[in-house]
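What follows draws every value from the coordinates through simple rules; no lab data is involved. From a predicted model like this one, the values you see are computed outputs, not experimental measurements. Using ideal geometry, Cβ is built from the backbone for each residue, glycine included, and neighbour counts are taken over all protein chains shown.
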Amino acid sequence: MIITVTPNAAVDKTLTVPNFQTGFRHRASDSLTLPGGKDINVARALKSLGQPVVVTGLVGGRAGQQIVEGLAREDILSDIVRISGSTFENNASYAAPDSAPEGGAIYANSAAGLELTDSTFTNNTTDGLGGAIAFDVIGVNSLIDLVTFSNNSAGSVDNPLNYGGSIYLGTPKVCTAGILGRG
């Protein structure tokens with residue numbers, strides 16, 4: 001039995017775009033969502049070669065649920081430890097030429113349906129807007145609940161006038177609940 005330890009599991013999403021040509025708009029004709037990350041990909045290859053394999057690691061939130069369910073659909077044995085929520089720590093975003101950095105941990109330019117619960121944002125930074133999270137637009141179905149913010153920062157010595165040490169709301173459509181946090 002081979003055990004793969006997956007410290008950074010992912011959800012891989014692949015879109016099929018027929019007749020792709022640069023400079024044109026396209027619509028995907030098909031999509032495929034699978035558990036991913038190097039160790040899960042190795043486990044998938046070992047299984048296809050007939051080797052007994054078990055995937056272990058940590059997952060949390062909606063993506064974690066997708067990973068566990070995807071492994072089960074592929075008949076890949078797993079002994080995954082589920083954690084509650086997600087942690088975003090020590091992320092940074094910096095300006096590329098001719099652009100403004102936004103969101104040290106998350107930048108959402110279309111956040112309709114974004115659900116962020118039971119998570120922690122610590123020591124995230126950006127030279128621009130939103131030390132932890134920057135939203136261009138918050139959709140009416142977005143949820144930020146039971147989230148802790150600590151020591152996040154926006155702006156720099158060169159650019160001190162940016163906003164949203166923890167969260168920057170660009171153009172919120174609806175904001176019906178208060179957001180509390182430190183930093």
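Could you order peptides 47-57, 145-155, 12-22 by the average number of other Cβ atoms within 10 Å of their residues, highest first?
Highest-to-lowest ranking by the protection proxy: 145-155, 47-57, 12-22.
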Relative pair counts by distance (%), Cα atoms of region 2-83, 5 Å bins: 3, 14, 25, 19, 12, 9, 8, 6, 3, 0
Please report the relative contact order for region 2-83, taking Cα pairs under 8 Å with a sequence separation of at least 6, and give it as a percent rounded to a whole number. 35
Quickly rank 87-94, 121-128 as a protection proxy: mean count of other C-beta atoms within 10 Å, highest first. 121-128, 87-94
Going by how many other beta carbons lie within 10 Å of each one, how would you line up Ile133, Ile3, fewest first? Ile3, Ile133
Show me the ranking of peptides 63-73, 25-35 by mean Cβ neighbours inside 10 Å, starting with the highest. 63-73, 25-35
